[in-house]
Amino acid sequence: MSTDNDKANDTGSAPLHGLLAEYDNPTALVRAAEKVRDAQYEHWDTYTPFPIHGMDPAMGIKPTVLPWIVFWAGLTGCVVGVGFQYWTSVIDYPWVISGKPFWSIAANVPIAFETTVLFSALTTLGAMLALNGLPHPSHPLDLKRRFAKVTDDRFFLLIEARDKKFDATDTRALLESTHPAVLDDVAEDRVTSDKLPTVILGALAVLTTLAILPFALAYKARVSKSDQPRIHLVPNMDNQPHIKAQQESPIFADLRGMRGDVPGTVAQGNLQEDDHLYRGKLEGGAWARTFPKEIAPSEQNMKRGEREFGIFCAPCHGLSGHGDGMIHERAAALGQGTWVQPTNLHQDYLRQQPVGELYNSITHGVRNMPGYGHQVSVEDRWNIILYMRALQRSTAAAPTDVPESERGALK
């Protein structure tokens, strides 16, 4: 039967769509669904303002194929993400970076993860709409004014007339046994068109065209040539005026665009005004015979000097400083005729040489010995000399070097 609350419809010619039962609470709806399920109806559904726990088993709803569809879509997205990155990095444009491998799965996980999520999400939406036969531009329930309460505080159950078990009398009796608040006929919709509105179709066409446009412009920019710079929506100083190296410039009188450093320019943190510390010299250019005040003779500095000596000096001069390091032993064993044995650091002229001159030799090199100024810090060069002085004194010590209180123990 049709009520006065229904919207206008040509009920005289519209066939019956189904029977709609209205309930006041979710418990009554669940119990009604169980009866309809047990009666083995196939084309029926429930409508609620919120999800109801236990409704799926009450309706006998079984798992759908949607999870499998989403699984294969996600797997496809993962394969596409990994394959695309492999193709670009290994096949299409391999880029040599310090000998690193072209392909590493760990570096490509984020993109593969994103494509997996993207394919899964879009497939979930599309498959859900397709499996549910959506969208419905029109539906007979849209004409039932009472049905609007389904978004508020009412619960509905609809059995469609196309069900093979549907019988106007028996089905009505079944629903009446569930004690609905209202039981009403639902006629087919003969008012609303079942086609998508032209406006929506037009909007979709426009959006599709606009979505393709950026890719078309990107392709055009890739295959075309121009003497003008690319259009940058976010320029980031990419096309700022600048002068390349060796390029002519009218700004300067000599027309050179590349300018040298101002005479006397010193890099920040490299100002070395202390000649004693940085060059081993005193005022007037004489070699310093004392250590700088920054390098105090101490056990800590001595140990540091021993360590650095073992790294940079011992390979040639030997751990004891007699010029018998492993490099010399190797060269002697190979019979290198042009090999010159490294200097014995215990020679008298080296013991008497000013520490400033020794510092200069370590910094800039002497004869066949290369300079170590670029490898060893200023402080460590002085620490090496401090340790070298201790080595020299160990082989040329005099009795007076021993404290008077301990000289009696000497044999």
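The values are calculated or read from the model by the stated rules, or taken from the named source; none is laboratory data. These figures come from a predicted structure and were not determined experimentally. Here Cβ is always computed from backbone atoms with ideal geometry, including for glycine, and neighbour counts include all displayed protein chains.
Of all residues in region 146-176, which are in contact with a His (Cβ under 8 Å, 6 or more places away or on another chain) and either among the basic types (Lys, Arg) or exposed (fewer than 11 other Cβ atoms within 10 Å of the Cβ) (or both)?
Within region 146-176, Arg162 is the sole residue that qualifies.
Would you confirm whether any residue within region 282-292 is surrounded by 11 or more Cβ atoms within 10 Å (Cβ to Cβ), of a type in the set (D, E, K, R), over 52 Å from the mean Cα position of the chain (by Cα) and at pLDDT 85 or above?
yes
Would it be correct to say that Ala106 is of a type in the set (Gly, Ala, Ser) and assigned to a strand (DSSP E or B)?
No; evaluated as a whole, the condition is false for this residue.
Inside region 310-369, can you point out the residues that are at pLDDT 85 or above and among the hydroxyl-bearing types (Ser, Thr, Tyr)?
Ser320, Thr343, Tyr349, Tyr359, Ser361, Thr363
Filter region 60-98 down to the residues that are under 30 Å from Arg31 (Cβ atoms), part of a helix (DSSP H, G or I) and in contact (Cβ under 8 Å) with a residue 12 or more places away in the chain and list them by number.
Hit for region 60-98 is Leu66, nothing else.
Matching residues to (1) in a helix (DSSP H, G or I); (2) assigned by TED's automatic domain parsing to the domain that holds Gly18; (3) modelled with pLDDT of 95 or more; (4) touching a Gly at 6+ places or on another chain (Cβ under 7 Å):
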position: Leu129; (1), (2), (3), (4): yes, yes, no, no
position: Asp153; (1), (2), (3), (4): no, yes, no, no
position: Phe166; (1), (2), (3), (4): no, yes, yes, no
position: Asp227; (1), (2), (3), (4): no, no, no, no
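Residue-wise test of (1) hydroxyl-bearing (Ser, Thr, Tyr); (2) within 18 Å of Ala397 (Cβ to Cβ); (3) in contact with a strand residue (DSSP E or B) (Cβ under 9 Å, 6 or more places away or on another chain).
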| residue | (1), (2), (3) |
| --- | --- |
| His322 | no, yes, no |
| Gly325 | no, no, no |
| Ala331 | no, no, no |
| Val340 | no, no, no |
| Thr343 | yes, no, yes |
| Gln347 | no, yes, no |
| Val355 | no, no, yes |
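Only one of (1) of a type in the set (Val, Ile, Thr); (2) closer than 30 Å to Gln375 by Cβ; (3) part of a loop (DSSP other than H, G, I, E, B) fails for Ile311. Which number is that?
Ile311 satisfies every listed condition except (3).
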